[in-house]
Amino acid sequence: MTAAETAAETAAEYVRTVEGFGTVRIDRVDPEGDAALLHHWVTAERARFWGMGGTTLEQVREIYAHLDSLTTHHGFLVRRDGEPVALFQTYEPEADRVSECYEALPGDIGVHLLIAPATIPERGFSGGLLAVLTDFALIGRNRIVAEPDAANEKAIALLVRAGFDLGPEVVLPEVDLPEVFIPEKKARLAFLTR
């Protein structure tokens, strides 16, 4: 059974149909079943800001298995009309390195978004998808914090178009733990309040 067939048989985390855009389904990442697809996405040159360019398939599987074991960080595979279109991650800011760079408030949620490569670019796709993802992230929350790489002009522009307010540029500190290593990163904070 493929990852898509397995996902179809399980309850989605969130499903929303948007007229003129399609049906967006958000499922938890299946580290085993989704690893090959995610590896293809995160190691592509266009995903250089994701920071996983040199990872092997097994490392991607291990990273998402570790993420899946946490109660504070979550990975989601996003599909539109059944086709995988994005990797979306949410996290509790107070349990993340970003909390060293801003005052995390109760009701905050952090997000990361990697949109899959498109075979045929579609005008308005990124904005339409982000609107659904922010609605999902804000369920029971007051504010979203995003921290794209400060050099990722496209991501920052997308967030601004979606209504995010830009915060300061910050340096996210290195994380060096037995189960995970994340290098220091210069990021631009962005906030969307309900």
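Taking region 153-168 as the range and being outside any helix (DSSP H, G or I) and under 18 Å from TYR102 (Cβ atoms) as the test, the residues that pass are PHE164, ASP165, LEU166, GLY167, PRO168. So which residues in region 156-181 are open to solvent by 30 Å² or more (accessible area, probe 1.4 Å) and either at pLDDT 80 or above or within 16 Å of the chain's Cα centre (by Cα) (or both)? The answer is ALA157, VAL160, ARG161, ALA162, GLY163, ASP165, LEU166, PRO168, GLU169, VAL171, PRO173. Within region 182-194, restricting attention to residues that are under 24 Å from VAL132 (Cβ atoms) and open to solvent by 60 Å² or more (accessible area, probe 1.4 Å), the residue that is modelled with the lowest pLDDT is ARG194. Considering only residues that are within 26 Å of THR71 (Cβ to Cβ) and of a type in the set (Phe, Trp, Tyr), look in region 94-148 and name the one that is modelled with the lowest pLDDT. Checked region 94-148; the qualifying residue modelled with the lowest pLDDT is TYR102.
The residues of region 110-132 that are without any contact (Cβ under 8 Å) to a residue 60 or more places away in the chain and surrounded by 20 or more Cβ atoms within 10 Å (Cβ to Cβ), listed by number, are GLY110, VAL111, LEU113, ILE115, SER126, LEU130.
Among the residues of region 133-155, the one identified as open to solvent by 30 Å² or more (accessible area, probe 1.4 Å) and β-branched (Val, Ile, Thr) is ILE139.
The values are calculated or read from the model by the stated rules, or taken from the named source; none is laboratory data. Just so it is clear, the structure is predicted and the values come from calculations on it, not from any experiment. Neighbour counts run over all protein chains shown; Cβ positions are idealised from the backbone, glycine included. All accessible areas refer to the heavy atoms of the entire protein, side chains included, with ligands and DNA or RNA removed. Shrake-Rupley method; radii C 1.70, N 1.55, O 1.52, S 1.80 Å.
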